[in-house]
Amino acid sequence: MLHRVFLSHPHSVDESYAEHAVFAGGFALRLLLASGAALIHAVIPCLFEKTASRMIADMYARTHNRGA
């Protein structure tokens, strides 16, 4: 049970639990920053015009073929 909950997915992308935790935590932080840029852009359109979309595209590129 514990293996399935904590280790199955990280192993499916060739990472240890700790490596996966660091990667996912960094990913969450980048998502938070992208959402902040999008929120500022919503209020002041001349700021961060392409920041959030560029960050999302970069994150997608990093995760697109993980574990394949």
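The values are calculated or read from the model by the stated rules, or taken from the named source; none is laboratory data. Everything numeric here is computed off the predicted structure, so don't read it as measured data. Glycine also receives a Cβ, built like all others from the backbone with ideal geometry; neighbour counts cover every protein chain displayed. Ligands, DNA and RNA are stripped out before the accessible areas are found, and what is left, the full protein with its side chains, is counted by its heavy atoms. Shrake-Rupley method; radii C 1.70, N 1.55, O 1.52, S 1.80 Å.
Right, VAL13: of a type in the set (Val, Ile, Thr) and within 19 Å of ALA68 (Cβ to Cβ) or not? Reasoning before the result, please.
Values: of a type in the set (Val, Ile, Thr): yes; within 19 Å of ALA68 (Cβ to Cβ): yes.
Yes; evaluated as a whole, the condition is true for this residue.
Taking the range 42-64, which residues are of a type in the set (Val, Ile, Thr) and over 19 Å from PHE23 (Cα atoms)? So that I can check it myself, show each step before the final result.
So in the range 42-64, the residues of a type in the set (Val, Ile, Thr) come out as 43-44, 51, 56, 63.
Matches in the range 42-64: VAL43, ILE44, THR51.
Take GLU49 and tell me if it is open to solvent by less than 100 Å² (accessible area, probe 1.4 Å) and either in contact with a His (Cβ under 6 Å, 6 or more places away or on another chain) or not in a helix (DSSP H, G or I) (or both).
no
Filter the range 1-44 down to the residues that are in a loop (DSSP other than H, G, I, E, B) and either touching a residue at least 60 places away in the same chain (Cβ under 8 Å) or open to solvent by 70 Å² or more (accessible area, probe 1.4 Å) (or both) and list them by number.
MET1, ASP14, ILE44, listed by residue number.
Scan the range 54-68 residue by residue and report those that are surrounded by fewer than 10 Cβ atoms within 10 Å (Cβ to Cβ) and not in a helix (DSSP H, G or I). Spell out the reasoning first.
Of all residues in the range 54-68, those surrounded by fewer than 10 Cβ atoms within 10 Å (Cβ to Cβ) come to 60-61, 64-65, 68.
Selection gives HIS64, ASN65, ALA68.
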